[in-house]
Structure formats: structure tokens, C-alpha cells
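The values are calculated or read from the model by the stated rules, or taken from the named source; none is laboratory data. None of these values were measured; they are calculated from a predicted model. Neighbour counts run over all protein chains shown; Cβ positions are idealised from the backbone, glycine included. Calculation scope for accessible area: heavy atoms of the full protein, side chains included, ligands and nucleic acids excluded. Shrake-Rupley method; radii C 1.70, N 1.55, O 1.52, S 1.80 Å.
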Amino acid sequence: MNSESPSFPLQEFLGFTTIHGEGTGTASLDLDERHHNPNAVAHGAVAFALMDTAMGAAAVSVIPEDHICATIEMHTRFHRGATHGTLTARAEVLTAGSRVIQLECKTTDADGRLVASSTASFAVIQPRPS
């Protein structure tokens with residue numbers, strides 16, 4: 001079952017939505033001028049933020065409710081530029097341990113062409129004892 005993830009200020013500024021399912025996460029946005037670099041192409045940070053957030057949503061879906069997660073490392077590859085239309089990052093948990101989650105993510109344009117891809121490790125952070 002998919003559900004919308006909570007919003008945060010960067011997400012609101014960039015104008016994207018995030019949903020998560022069991023072991024999956026998706027973030028998408030409609031590109032406009034605020035997302036462009038000086039060459040009128042979507043800045044790489046936009047795809048990076050989409051993928052990091054989609055993977056975070058996927059990670060949160062497989063950890064205990066009172067835990068949080070944080071990106072440890074993320075390897076990103078940019079495949080093609082995007083100037084307009086919708087970008088969609090789809091993430092999937094590859095393995096979920098009690099301390100580290102491994103994920104992968106692909107960002108595509110409105111025509112389904114690969115724009116960027118990433119793999120990452122996320123830390124599972126347990127709550128501090130009261």
C-alpha cells in the first residue's frame with residue numbers, strides 16, 4: 001500500500017511529492033525555471049534531492065516506527081539532461097539490516113528515459129533511551 005510521506009521545507013521549495021510503499025519510495029516534480037542551472041537544464045542537485053528523498057521514504061517504510069534513518073553515502077550517475085516535463089525518482093530497498101539499509105534509485109523523465117541513477121546506504125538510528 002502506498003501513502004504520502006510527510007512534507008519538509010526543501011520538498012516544498014522544490015515542489016515535489018513523495019510517496020512510500022513497503023520497501024519502495026517515489027518522488028516526482030514538474031520541472032520549471034527554478035530547477036534549471038545556467039544552461040537551462042535541470043540542475044543535478046534536483047535529481048539528487050529527488051533520489052535521496054525517494055530512498056529515504058523507502059528506508060523509513062522498513063524500519064520500526066520509533067526509529068529514523070539518515071544517508072550514510074550515495075553514489076550518483078547522471079545519464080542525460082532534462083529541461084521540462086516531469087521527473088520521477090523510484091527507489092527500492094535492496095537489503096535491510098538492523099543498522100544499515102542498501103537501496104537503489106532511478107530517475108526518469110516524462111518519456112521514461114533514464115536521467116540519473118543512484119545507490120546508497122542509509123543508517124538506521126534507534127531512539128535514545130529516556
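What number of residues within the stretch 5-27 satisfy the criterion of being open to solvent by less than 30 Å² (accessible area, probe 1.4 Å), polar (S, T, N, Q) and in contact (Cβ under 8 Å) with a residue 40 or more places away in the chain? Residues in the stretch 5-27 being open to solvent by less than 30 Å² (accessible area, probe 1.4 Å), polar (S, T, N, Q) and in contact (Cβ under 8 Å) with a residue 40 or more places away in the chain: 2 in total. Criterion applied to Gly112, Gly81 was being without any contact (Cβ under 8 Å) to a residue 12 or more places away in the chain and either under 24 Å from Leu14 (Cβ atoms) or not in a loop (DSSP other than H, G, I, E, B) (or both), and the one residue passing it is Gly112. Output yes when any residue across the stretch 58-78 is open to solvent by less than 60 Å² (accessible area, probe 1.4 Å), at pLDDT 95 or above, part of a helix (DSSP H, G or I) and small (Gly, Ala, Ser), and no when none is. Looking for residues that are open to solvent by less than 60 Å² (accessible area, probe 1.4 Å), at pLDDT 95 or above, part of a helix (DSSP H, G or I) and small (Gly, Ala, Ser), one finds at least one in the stretch 58-78, hence yes. Filtering the stretch 84-102 down to residues that are polar (S, T, N, Q) and open to solvent by 60 Å² or more (accessible area, probe 1.4 Å), which residue is modelled with the lowest pLDDT? Only one residue tops the list, namely Ser98.
The residue that is least open to solvent (accessible area, probe 1.4 Å), among those in the stretch 28-48 that are out of contact with any strand residue (DSSP E or B) (no Cβ under 8 Å at 6 or more places or on another chain) and either in a helix (DSSP H, G or I) or modelled with pLDDT under 90 (or both), is Ala45. Among the residues of the stretch 103-130, the ones that are in contact with a Gly (Cβ under 8 Å, 6 or more places away or on another chain) and open to solvent by 60 Å² or more (accessible area, probe 1.4 Å) come to 2 in all.
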